[in-house]
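Below is one structure; the comments refer to it alone.
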Amino acid sequence: MTPPQRRRRSPKAGPEPTPQPPQEGQAPPEGQKKNPERLYVITGPDGAERSELDLVTLIVAHADPPPSATPEQAALLRLCTAPLSVAELSAYLNLPFSVVTVLLTELLTAELVTARAPVIRQALADRSLLEAVMHGLQRL
C-alpha cells in the first residue's frame, strides 16, 4: 500500500496536468469514484430473490467455471476451490457485498457452489482440558 501523495497549495509555474482515467486493471486515483453503472451490468435487474448469506458464510465451488459464466462468476469459482467467506470474496474481487451476494445467488441456483455456516466452537471449554492446563501451570 502506497501512502497518499501530498499536493502543494501554491500552484507551480506550469498548468496542472489533467487526471487521466485509470487503465484496465488499475485502481482509480483516490479522488475518483467507480462507475455505478458497472455494478448494475454485473448483477442485472434486481428482481430475483437473494440467498440468505452473511459475511461469514463459507462458499465452496464444486466445478470449474462453465463457458457461459461471466468474468466475475468465473473469478468467484476460481477463488472458491478452498472454502472462503463472503467477506473475503468481496475483498478479493473488490466488489461490494451486495453485488457478491447477487452473484453467489446465481451460482447457488445453478448448483456450482455450496454455502455453509462457519464451524462454531463450543461455548464452554472441556473441564478436563482446563484442569490439565491448570496443573501444568502449577508445576512450572
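No value in this document is a laboratory result; all are computed from the given coordinates. This is a predicted model, so every value here is computed, not measured. Methodologically, a virtual Cβ is constructed for each residue, glycine included, from the backbone with ideal geometry; neighbour enumeration extends over all protein chains shown.
Quickly work out the Arg127-to-Ser98 label distance, labels modelled 7 Å from Cα along the C-beta direction, and quote it in nm with one decimal.
5.1
Net charge near Leu112, counting Lys/Arg +1 and Asp/Glu -1 over other residues with Cβ under 10 Å of its Cβ?
Combined, the nearby Lys, Arg, Asp and Glu give -3.
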